[in-house]
Every structure is written in structure tokens, then in C-alpha cells.
Amino acid sequence: MNGTDLVLTFAPGMETFLPQGRLTLTSRADGVSTLGHLVESLGVPLTEVGGLTRDGAPVPASLIPEGGEHIAVAAVDRPQRVPGAPLRFLLDVHLGTLARRLRVLGVDTAYPREDPGDAALATRSATERRVLLSRDRGLLRRRELWAGAYVYSHRPEEQLADILNRFRPHLRPWTRCTACNALLRPATLADVADRIDAGTRTTYDVYAECPACGRVYWHGAHHDRLSRLVTEALATVGQLPGPEAPP
């Protein structure tokens, strides 16, 4: 290693992003690039970095290294605290199942049905103070992004468990519309009779409705499966079950 080289050691778990999964790499200090830029150039979004140290001392991502230093890259703390706003999420267009499951749990989750483009997603994250969840590393590197997190798994059940473990949001199951994210309100049979079929009207008597899109909810055939999802999610975030809300 010459005088302009840096040794960067990444925390376990970051091998997902790194060439050949190696956790120790060498990079060149050019006198212009910041540590944040160097880390991202190696493949790790800064959303996944919990802190940087230079030769054991904490330093900001904006530091321009001189060379000859050892840089340690830490992972984000879990649970990760997001300051400055109630915890809300924005998901990219490829995470529809995760969006619906977060809404079942009562987590404020915005999800565009059509892809608005990376710039629009990052801008919305900043405007609405939402944590952007994505598997797109390029999207998570956009400078206008307010906060973000990489979704590590392809499998929705693993995605949900990871996000709940990472952020530990407060859950309010059964309170949000899975279609549009609006808060639900209780409804009587008379309120929703014209939007459900005859079989449902004669079988169920407890309903909720979405005041935004008009969708009607009741404890139907999928309720047992969704109840298991809710029970597991509450255990993951360490939250005691409360009285069950309307469907």
C-alpha cells in the first residue's frame, strides 16, 4: 500500500454490496472524493452505514481522506432511530406485497402503483419525510433522499421481518386500508350493504370501510392467515397485542 491508499474494513452483513463479498478493500485517496463517495463507489449505499472511523476515531462521511489511513465502516444500529418525524415509509414499485403487509400492521406506508422514476421517489421521501425502502442501490444513493433503507431479501416474509427488526415501528394492526393507506373507520352493515355481496351480508356483521377509496373490510377467509402475520409482527417489535380493531 502506498501513501495515497486507504484500507476500508466493512461490518459483517455488508458483503452483499461488495466485490466478491470481501469485507476489507483498498481504495485510493485522490484529495477530492469524500469518504462517503468512496464507500458508495465500492457499492455500499450510505443508508446502510451507521458510522465511520479513521484509525479508530469517529469521522463524518464528508471527510476527504489523505491516504495511509484505516477506515472502519459500521452498520446501522438496530433498532435504527429516524429523527425529526413520525416513522413513515415510502416503497418503490417493486415492493407491493411488503407495502400491503405494513399497512395491515397499521404502519403509514406510501406506495405508488406506477413507477414515477427515481427522482420523484427521492423527492417525495424528502418532501413527506418518509424512509424510502428499495432494493435499488442507485436510488438509495440519490442526494435528495431524506432517509432510506435497503431491502435485503427477495421474499416478502423476510423483507417484513427485517424492516420490523431494523426500525421497530409502533404497530396499529387493522387500522389502515391495504389499497390506499388511509385510516379505516368502523361501519355498519347498512353503511356498506351496497358494496358487498349477499353471502357476505348474511355471514358477517362487523365491518370497516375506507373513507378515501370506499373499500370494505370484514373478517373473511384470509383473516386467520393475516392474524398470524400480525401476531408474529408484534412479537418481532416487542409490542403486546391490544384489543383487535375492526377488520
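Please treat every number below as a calculation from the coordinates, not as lab data. Computed from a predicted structure; not experimentally measured. Here the Cβ is made from the backbone with ideal geometry for all residues, glycine too, and neighbour counts use every protein chain on show.
Of all beta bridges that DSSP places with both ends in the chain, some 60 percent have antiparallel geometry.
Would you mind ranking His170, His219 so that the residue whose beta carbon has the fewest other beta carbons within 10 Å leads the list?
Values: His170 11, His219 18.
By the 10 Å Cβ count, ascending, the order reads His170, His219.
Applying both filters, DSSP loop and at most 16 other Cβ atoms within 10 Å, to the chymotrypsin sites (Phe, Trp or Tyr not before Pro) of the range 71-173 gives Tyr152.
Helix 156-167 axis versus longest C-alpha principal axis of the chain: approximately 70°, rounded to the nearest ten.
This structure gives Kirkwood radius over Cα pairs in Å, computed directly, and of [x] 19.7; [y] 20.3; [z] 19.2 that value is listed as [y].
Going through the range 82-114, which trypsin sites (Lys or Arg not before Pro) have at most 11 other Cβ atoms within 10 Å and a DSSP loop state? The partial results should precede the final answer.
Numbers: sites: Arg88, Arg100, Arg101, Arg103, Arg113; in loops: Arg88, Arg113.
Passing both the DSSP loop test and the Cβ count: Arg113.
Reported to the nearest whole Å, the Cα centre-to-centre distance from the range 190-247 to the range 1-43 is 49.
If each residue's Cβ is checked for other Cβ atoms within 10 Å, how do Ser125, Ser33 rank with the fewest at the top? Can you show the working numbers first?
Numbers: Ser125 25, Ser33 15.
With the sparsest Cβ surroundings first, the list reads Ser33, Ser125.
A simple spin-label model places pseudo-atoms 7 Å from Cα toward Cβ; at Leu183 and Ile196 they are separated by 2.3 nm.
Counting only DSSP beta bridges with both residues in the range 5-75, the antiparallel share comes to about 75 percent. Among the trypsin sites (Lys or Arg not before Pro) in the range 121-222, those located in a DSSP loop and surrounded by at most 12 other Cβ atoms within 10 Å of their own Cβ are Arg143.
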